[in-house]
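Before any comments, here is the structure.
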Amino acid sequence: MAEAVSSTFEFSAYLEKARARVESALDESLGPENPETLRESMRYSLLAGGKRLRPILCLAACELAGGNSDQAIPTAVALEMIHTMSLIHDDLPSMDNDDLRRGRPTNHKVYGDAIAILAGDALLTRAFEMVAIRTQGVSSERLLKVVGELSLVAGAPGLVGGQVVDLQCEGKKVDLETLEFIHLHKTGALLKACVTCGGLIGGAQEDLLNALGIYARGIGLAFQIIDDILDVTASSEVLGKTAGKDLIADKTTYPKLLGLDESRRRANELVNKSKKALEPWKDSAAPLFALADYITNRDR
Ligand code: GRG
């Protein structure tokens, strides 16, 4: 188990430091790609800001497992690359057809559909390179597990599967079970991979890996419930993406099915369950407790 983190945990300082660490690793992760347009398009989306929640979750889980989070940096970057490529593809005219992401025009609006698709492909493949080739000091056995986890969550059993069901459900009446399926796959799977991969690199034992899985399921669904709520309550300016998009695309959302108050109650309940799973790790889990709260309290 990791060393105890102070019970007077300073989350905003922690978040600021972790974000700065992630930003600099992301900046260094892209080499002199060839041709230059590809490099520009990859950098445009990868370095466009964003909350960096996924890499931070990975680093926090590695530390909770007692590992050296420097060793998890390439995997943390890989997770943000997979997330970013999924946003680029999601915004394409053939999918969500969005013009605004992370406060700027979407990748295809700037570089065209073909380059946007290829920049996404290059980020996805670079993610695997980060783990398999650019990680230092981690056994190949652990890295193989991380690669396996990433291939599962990115593909049909994860993001791709969730996205297909989401697209097929547009304009249709969707029940809570299907909505949960979509979000556990589109959003929850990658968040789960963040803590699982961080835990694996840190050398987590089975009990912690199981607890991290329970934690991630709760924060994954809560994250999406809040995303749905913000879509109706926040402005495009604050969100950095088009607000009210779910209504325009005629998507079923948690507020639509349950109302705003019940949706918020569910998100809080899920986050409490998530935190409960990590209670045995006490103060060492303070960053993951705080990240769970951040998910329900965020305004963008
Ligand atoms: C991964 C192979 C592969 C394909 C992608 C397009 C697609 C398949 C999946 C769509 C996944 C998707 C866009 C899910 C939505 C997840 C979500 C709620 C994103 C917003 O995350 P934030 O708020 O964004 O963390 P920032 O910009 O802060 O990083």
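The values are calculated or read from the model by the stated rules, or taken from the named source; none is laboratory data. Being a predicted model, the structure only gives us computed values, none of them experimental. Ideal geometry is used to build each Cβ from the backbone, glycine not excepted, and the neighbour counts take in all protein chains shown. Areas reflect the complete protein model, heavy atoms only, side chains present, ligands, DNA and RNA absent. Shrake-Rupley method; radii C 1.70, N 1.55, O 1.52, S 1.80 Å.
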Checklist line | From A25, A20, A72, A78, residue being within 15 Å of the chain's Cα centre (by Cα) and small (G, A, S) | finding: A78
Notebook entry, point to check: Taking segment 143-185, which residues are closer than 23 Å to E262 by Cβ and open to solvent by 50 Å² or more (accessible area, probe 1.4 Å)?
Noted result: K172, K173, D175, L176, E177, E180, F181
Next item on the list: Select from segment 217-232 the residues that are within 15 Å of the ligand (Cβ to nearest atom) and touching a residue at least 60 places away in the same chain (Cβ under 8 Å) and list them in ascending order.
Entry: I219, A222, F223, I226, L230
Check: Residues of segment 245-259 being surrounded by 14 or more Cβ atoms within 10 Å (Cβ to Cβ) and of a type outside the set (V, I, T), which ones?
Finding: K245, D246, A249, K251, Y254, P255, K256, L257, L258
Check: Restricting to segment 99-128, what's the tally of residues that are buried (at least 17 other Cβ atoms within 10 Å of the Cβ), among the charged types (D, E, K, R) and within 10 Å of the ligand (Cβ to nearest atom)?
Finding: 2
Check: Can you pull out the helices (runs of 4 or more DSSP H) entirely within segment 154-239 that have at least 1 residues that are under 24 Å from L278 (Cα atoms)?
Finding: 176-183, 189-202, 206-233
Check: Is there any pair with a first residue in segment 160-188 that is closer than 11 Å to Q224 by Cα and a second that is polar (S, T, N, Q) whose Cβ atoms are under 6 Å apart and which are 6 or more apart or on different chains, and what are they?
Finding: L179/T252; H183/Q224; K186/Q163; T187/Q224
Notebook entry, point to check: If the Cβ limit is 6 Å and pairs must be 6+ apart or interchain, which residue in segment 125-143 that is closer than 20 Å to I82 by Cα pairs with which residue that is modelled with pLDDT of 95 or more and loosely packed, with under 15 Cβ neighbours inside 10 Å?
Noted result: none
